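The values are calculated or read from the model by the stated rules, or taken from the named source; none is laboratory data. Nothing here was measured: the structure is a model prediction, and the numbers come from that model. Reconstructed Cβ throughout: ideal geometry from the backbone, glycine too, with neighbour counts over all protein chains shown. For the accessible areas, the whole protein counts, side chains as well, though only heavy atoms, and no ligand, DNA or RNA atoms are used. Shrake-Rupley method; radii C 1.70, N 1.55, O 1.52, S 1.80 Å.
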Amino acid sequence: HFTISAEFEDGTIGIPSSYSVAVYGTAARLDSAASAVVGIAAGDARLGVRIGSIAKDIPIQVVEVGLRIDRDTLALAVGSVDTVIISTNEAQSRQLRTGLLWRSTNKQIIQPLDSLSGGVRALGTGVAQIIVDGYGQTIGLPVVTYAPIASLRRTGEQRPEFAVPEGLQTTVGAEAVTDNGAAVPSAPQRWTVADTNIATYDRRRGTLTARREGSTTVTVRTPSVPAQSWRVRVVNATFSIVAPPAYLAIGESRQL
């Protein structure tokens, strides 16, 4: 898109009352209604402007690029709205706001708000795809929709603050639940550890590994509900057998 302005003899700058614009070269064309230059094929062109006897032109370089979606998967609660952003895969990426058409593979699950903006609304639970067509390309975004959640419920370690001996692991987890307490396994979760030098978290296994002595915080977040956090102290501990027996008779057992 372009705008035309002129500097007048009195030093003011404004839009001239009349001017002409043209695109020279086969790599691009002029869309005068939208005041835009449209790339047609890889190559060079020029945008020329003339106001009376004064002419100005700038070079245009049309390059082949691909479309890129701002995420790998869209997870959305039923009734929620989100905006999917499409950009180019250039080194200096540009967000595309025009020239795209949006559609859904299942309008009962996910529905574009319109055919142009990238806004989508989740209508029912399930799996579908958002399809984007534009600039001679078609790309898809997998969508998972889930029941609205009311809270996060701790699993594994229940205490909000606990200690773990250095080098050992413990189970830390959370599940999203609805108003009636039903679990929502498809709800997205984002886990963070404030200081990964002290402890690390493996979401796939649901385990927290103590690395070195100190304190840190583990937090899980799911959209639209309060986060859950655990305060973890990694301690330098040694182990010993509690109340070792003086002797054991043959056949006798003892719990240590």
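Selection of segment 233-245 for residues being among the hydrophobic types (A, V, I, L, M, F, W, C) and open to solvent by less than 100 Å² (accessible area, probe 1.4 Å) yields Val234, Val235, Ala237, Ala243.
Can you say whether Ser224 is modelled with pLDDT under 95, surrounded by fewer than 16 Cβ atoms within 10 Å (Cβ to Cβ) and within 23 Å of the chain's Cα centre (by Cα), as far as the supplied structure shows? So that I can check it myself, show each step before the final result.
On the way: modelled with pLDDT under 95: yes; surrounded by fewer than 16 Cβ atoms within 10 Å (Cβ to Cβ): yes; within 23 Å of the chain's Cα centre (by Cα): yes.
The answer is yes for Ser224.
Which of the residues spanning segment 121-139 are in a strand (DSSP E or B) and touching a residue at least 24 places away in the same chain (Cβ under 8 Å)? Break it down stepwise before answering.
Of segment 121-139, the ones in a strand (DSSP E or B) are 121-122, 126-134, 137-139.
Matches in segment 121-139: Arg121, Ala122, Ala128, Gln129, Ile130, Ile131, Val132, Asp133, Gly134, Gln137, Ile139.
Among the conditions (1) surrounded by 11 or more Cβ atoms within 10 Å (Cβ to Cβ); (2) in a loop (DSSP other than H, G, I, E, B), Ala91 misses just one, which is (1).
Residues that are under 25 Å from the mean Cα position of the chain (by Cα) and not in a loop (DSSP other than H, G, I, E, B) within segment 227-256 comprise Gln228, Ser229, Trp230, listed in sequence order. When Thr145, Thr192 are screened for being surrounded by 16 or more Cβ atoms within 10 Å (Cβ to Cβ), within 25 Å of the chain's Cα centre (by Cα) and not in a loop (DSSP other than H, G, I, E, B), only Thr145 passes. Among the residues of segment 195-219, the ones that are touching a Lys or Arg at 6+ places or on another chain (Cβ under 7 Å) and either part of a strand (DSSP E or B) or in contact (Cβ under 8 Å) with a residue 60 or more places away in the chain (or both) come to 4 in all.
Number of residues in segment 40-88 that are part of a loop (DSSP other than H, G, I, E, B), more than 15 Å from Val132 (Cα to Cα), open to solvent by 60 Å² or more (accessible area, probe 1.4 Å) and not aliphatic (A, V, I, L, M) equals 3.
Taking the criterion of being under 30 Å from Thr145 (Cβ atoms) and not hydrophobic (A, V, I, L, M, F, W, C), would at least one residue in segment 209-221 satisfy it? Can you show your working first?
Going residue by residue through segment 209-221, those that are under 30 Å from Thr145 (Cβ atoms) are 218-221.
Subsequent filtering for residues that are not hydrophobic (A, V, I, L, M, F, W, C) retains 219, 221.
Looking through segment 209-221, at least one residue is under 30 Å from Thr145 (Cβ atoms) and not hydrophobic (A, V, I, L, M, F, W, C).
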